[in-house]
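Take a look at the structure below.
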Amino acid sequence: MGTFLEALGFLFLLVVLLLAGVLLLVRLYVRRIRSALLGFSLQPSRIHLEDDPRPGWLDSPQAAARVFSFWDMGFQPGTPYRIPGLKDARLCSFFKADEGLLGVLYHHPDAGCWVDLSAHLDDGTELTVTDAPADEPLATRPGVVRIHRPLASMAALYERLKTEQAGRTTRPFTQSDFAMRFERVYEQDMAWRNDQGGVTREQVRRMARINKVDLTEDEIEDAHREIKRDELWSWHDECLTQYAEETPAFVRDWSDQDGQFLIVTPKAAPGAFLDYISDLVELDEEELARLESQVQRGMSAGELFDQINGEREPGRKARRVGSVYYPVAADIWWAPDETPESAPNGLKRV
């Protein structure tokens, strides 16, 4: 994108906050995984930074120590922000313009405080050194170089960044467009994560390991499937919002129709897609059992939808009305609500 904020490596913030949600899931483990999922919160695909008028979090011991370290290293403070779409997430920017460096101090009640020190190099490389808490590095977008040093001092992070940056020039940046570019990078990173398939089993497994919670593989699988279903519903809402923005006639043409919209995306986990579609379409126990067995044999979400839709009566089949590529590539389908709820394959109102 040619902006300094790509050097933030903000994907790591996404991962940490995502894992904080999984941590909440584990801590609320009352009736094993299923009850705990009520506390899990997926991240939106877009955010908007707002100035934080009362950044009391900066006075906490963890944050204050890092702020003083930024000053000692010659960074100038920027603006503290809150992120309404990410509950309780806070950040503050710091700049060292003479060296082309950006610092971001993050705070979240579950994950604590951590820092990214970043440089956006002229060759397009996004270079970030971070002390964000995690047990091992995670995948990042192409073009991102992330050096993960948990528990390192701020001085050590700075020296490592300077070592990696040596002999390479950086692109300039300013405070004035920080929020706009930060939001853009967040959106890009979320789109990349969605394109990779979203929340993974390994993320659930990793948080269980970090927090020394003994989960069986079946429990991890159950947790992952429910999270993927919630993720798919989040994509559902965001895809329809995106389609409405791209197609002005969308609301006018369909608002008075009896029925509802569905999304079909190859990024959906098959089991989660079956759960999602069964929230919208009446499927009897025999059908569900048959479809579940096909999921276990490897049938994709698209194949599941084709089979379910193909078995509907003529005139009551869903029809494709469009597609979107954000927040995830998906086809938009309109399913007429023409059969009573008690009838097989009838559409339910939810």
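The values are calculated or read from the model by the stated rules, or taken from the named source; none is laboratory data. Just so we're clear, the structure is a prediction, and the values are computed from it rather than from any experiment. Positions of Cβ are generated from backbone atoms using ideal geometry, with glycine treated the same way; all protein chains shown enter the neighbour counts. Note: areas computed on protein heavy atoms with side chains; ligands, DNA, RNA excluded. Shrake-Rupley method; radii C 1.70, N 1.55, O 1.52, S 1.80 Å.
If I compute solvent accessible area with a 1.4 Å probe over the protein chains, what percent of it on the stretch 56-203 is carbon and sulfur?
Details: 3320 of 6410 Å².
Within the stretch 56-203, the accessible surface is 52 percent carbon and sulfur.
Mind jotting down the distance between the C-alpha centroids of the stretch 65-98 and the stretch 134-210, whole Å?
16
I need the shape label for the stretch 99-220. Rule: rounded when a/c is under 1.5, else prolate if a/b > b/c, else oblate, with a, b, c from the alpha carbon gyration tensor.
Prolate, because a/c is 1.5 or more and a/b exceeds b/c.
For Phe95, enumerate residues with amide H under 5 Å from its amide H, sequence gap 5+ or separate chain, H modeled in the peptide plane.
Gln76, Gly78, Gly103
What percentages, rounded to whole numbers, describe P(r) for the stretch 70-121 computed over all alpha carbon pairs with 10 Å bin width beginning at zero?
That works out to 25, 49, 24, 3, in percent per bin.
Run the dipole for the stretch 74-152 about the Cα centre, Lys and Arg Cβ at +1, Asp and Glu Cβ at -1, nothing else charged, and hand back the magnitude in debye, nearest 20.
Result for the stretch 74-152 is approximately 300 debye, rounded to the nearest 20.
Tell me, in nm to one decimal, what length is gained between Asp337 and Arg320 on full extension, where the rule is 0.36 nm per residue of separation less the Cα-Cα distance? Kindly include the intermediate steps, with their values, before the conclusion.
On the way: separation 17, 0.36 × 17 = 6.12 nm, distance 1.50 nm.
Value of the extension gain: 4.6 nm.
Counting other Cβ atoms within 10 Å, which trypsin sites (Lys or Arg not before Pro) in the stretch 65-174 have at most 14 and lie in a DSSP loop? Before the final figure, lay out the partial values.
Values: sites: Arg66, Arg82, Lys87, Arg90, Lys96, Arg146, Arg160, Lys162, Arg168; in loops: Lys87, Arg168.
Passing sites in the stretch 65-174 are Lys87, Arg168.
Return the equivalent ellipsoid semi-axes of the stretch 200-339 as a descending list in whole Å, where each equals the square root of 5 times an eigenvalue of the C-alpha gyration tensor.
Equivalent ellipsoid of the stretch 200-339: 30, 20, 11 Å, largest first.
Order Phe70, Phe95 by their accessible area, 1.4 angstrom probe, all chains in place, largest first.
Details: Phe70 0, Phe95 25 Å².
Greatest to least solvent exposure: Phe95, Phe70.
List, in order, the whole-Hz ³J(HN,Hα) value for each residue of the stretch 120-130 obtained from phi through the Karplus relation with A = 6.51, B = -1.76, C = 1.60 and θ = phi - 60°; use x for Gly and Pro.
So the J values, rounded to whole Hz, are 9, 7, 4, 7, x, 5, 9, 10, 9, 10, 9.
Tally Lys/Arg at +1 and Asp/Glu at -1 over every other residue whose Cβ is under 13 Å from the Cβ of Arg90; what's the total?
That works out to -2.
Rounded to the nearest 20 Debye, what is the dipole magnitude of the stretch 176-301 about its Cα centre when Lys and Arg each give +1 and Asp and Glu each give -1 at the C-beta?
In debye, rounded to 20, the stretch 176-301 gives about 780.
Take the stretch 179-230, drop everything but the C-alpha atoms, weight them equally and run the Debye formula without solvent; then report log10 I(q)/I(0) at 0.23, 0.25, 0.27, 0.29 Å⁻¹ to two decimals.
-0.84, -0.90, -0.97, -1.03
Dipole of the stretch 154-245 (Lys/Arg Cβ +1, Asp/Glu Cβ -1, origin at the Cα centre): which of Gln165, Thr241, Leu215 lies farthest to the positive side?
Positive-end residue among those listed: Gln165.
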